[in-house]
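Here the structure comes first, spelled out in structure tokens, and everything after it is commentary.
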Amino acid sequence: EAQVTQNPRYLITVTGKKLTVTCSQNMNHEYMSWYRQDPGLGLRQIYYSMNVEVTDKGDVPEGYKVSRKEKRNFPLILESPSPNQTSLYFCASSPGEGLAGYEQYFGPGTRLTVT
Amino acid sequence: AQSVTQPDIHITVSEGASLELRCNYSYGATPYLFWYVQSPGQGLQLLLKYFSGDTLVQGIKGFEAEFKRSQSSFNLRKPSVHWSDAAEYFCAVGRRMDSSYKLIFGSGTRLLVRP
């Protein structure tokens with residue numbers, strides 16, 4: 001089954017404790033992206049990647065890092081989480097060619113709470 | 001700057017009734033437009049998309065949307081709502097920025113369905 005998977009689905013952590021949220025897709029997609037969803041704000045892009053070793057900042061990159069060492073994986077790293085990073089996080093992927101690049105497949109989400 | 005407005009935070013309809021969810025966008029060029037649905041605890045699923053051509057587009061689950069350039073709108077409709085349609089709905093505009101297939105989301109409309 002074609003899908004985007006994220007782990008963990010739920011995470012409660014404390015301020016300053018480094019964490020990684022994994023994202024993996026099995027559709028051989030070139031393009032991957034991370035979003036955060038906050039009430040009343042919709043989804044906002046954190047980082048994106050056009051291909052292996054190619055990443056760039058989205059609208060709200062502060063406090064986050066990403067890496068793309070393999071085509072299928074795109075982990076989101078919070079080196080020193082803070083309470084304002086409490087949010088629902090989504091990973092997405094798309095073929096990344098022409099208009100199909102906009103047709104993004106989303107993972108199930110990771111709900112992160114930072115205390 | 002591009003933006004997407006969904007003026008209704010919540011909408012409640014009776015099962016079997018018709019539905020229209022509003023979406024207005026601000027974008028200079030011809031927009032690429034999308035509707036996504038987010039069921040409780042799930043990721044976002046693409047309902048339908050508009051790139052060009054026929055301004056009335058059909059999607060999955062019996063949904064349709066009409067692009068009206070004069071009104072900068074892309075409203076989502078369904079003639080008869082089912083209880084399983086209860087979810088949150090997001091309108092989005094797609095724009096190529098640098099190398100990103102950027103989706104700009106509205107803040108969402110939560111649909112409640114009365115039995």
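The values are calculated or read from the model by the stated rules, or taken from the named source; none is laboratory data. Predicted, not measured: the structure shown is a model, and the values here were computed from it. Virtual Cβ from ideal backbone geometry, glycine too; neighbours counted across all protein chains shown. What goes into the accessible areas is simple: the full protein's heavy atoms, side chains included, and nothing from ligands, DNA or RNA. Shrake-Rupley method; radii C 1.70, N 1.55, O 1.52, S 1.80 Å.
Tabulated results
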quantity: Residue-count net charge about residue A:60 - beta-carbon cut-off 14 Å; Lys, Arg +1, Asp, Glu -1; calculated: +1
quantity: Kirkwood hydrodynamic radius over Cα pairs of the protein assembly as shown, then Stokes diffusion coefficient at 20 °C and 1.002 mPa s, in µm²/s; calculated: 118
quantity: Average beta carbon contacts from partner chains per residue of B:92-100, 10 Å cutoff; calculated: 5
quantity: Choice from B:99, B:80, B:72 with maximal GNM fluctuation in chain B (Cα, 10 Å cutoff); calculated: B:99
quantity: Histogram of C-alpha separations across chain A, 10 Å bin width, %; calculated: 15, 50, 29, 5, 0
quantity: For the protein assembly as shown, with +1 on Lys and Arg beta carbons and -1 on Asp and Glu, the positive-most of A:26, B:53, A:96 along the dipole; calculated: A:26
quantity: D_trans [Stokes-Einstein, Kirkwood Rh over alpha-carbon pairs] for the range B:39-93, 37 °C, 0.692 mPa s, µm² s⁻¹; calculated: 266
quantity: Summed buried accessible area for A+B [probe radius 1.4 Å, Å², rounded to 100]; calculated: 2000
quantity: Cross-link partners of residue B:49 among lysines (Cα-Cα below 25 Å; sequence separation of 8 or more within a chain); calculated: B:61, B:68, B:78, B:102
quantity: Qualifying aspartates and glutamates (Cα of each under 19 Å from Cα of residue A:57; at least 8 residues distant if same chain); calculated: A:30, A:38, A:70, A:79, B:98
quantity: Charge dipole (debye, nearest 20) of the range B:9-86; +1 at Cβ of Lys and Arg, -1 at Cβ of Asp and Glu; calculated: 180
quantity: Rounded to whole Å, sorted largest first: equivalent-ellipsoid semi-axes of the range B:1-107, Cα gyration tensor; calculated: 23, 15, 13
quantity: Reduction of at least 50 Å² in accessible surface, 1.4 Å probe, comparing all protein chains with the chain by itself, residues of the range B:45-76; calculated: B:51
quantity: Karplus 3J(HN,Hα) series, Hz, for the range A:52-60 with 6.51 cos²θ - 1.76 cosθ + 1.60 (x for Gly, Pro); calculated: 4, 6, 10, 10, 7, 6, x, 7, 10
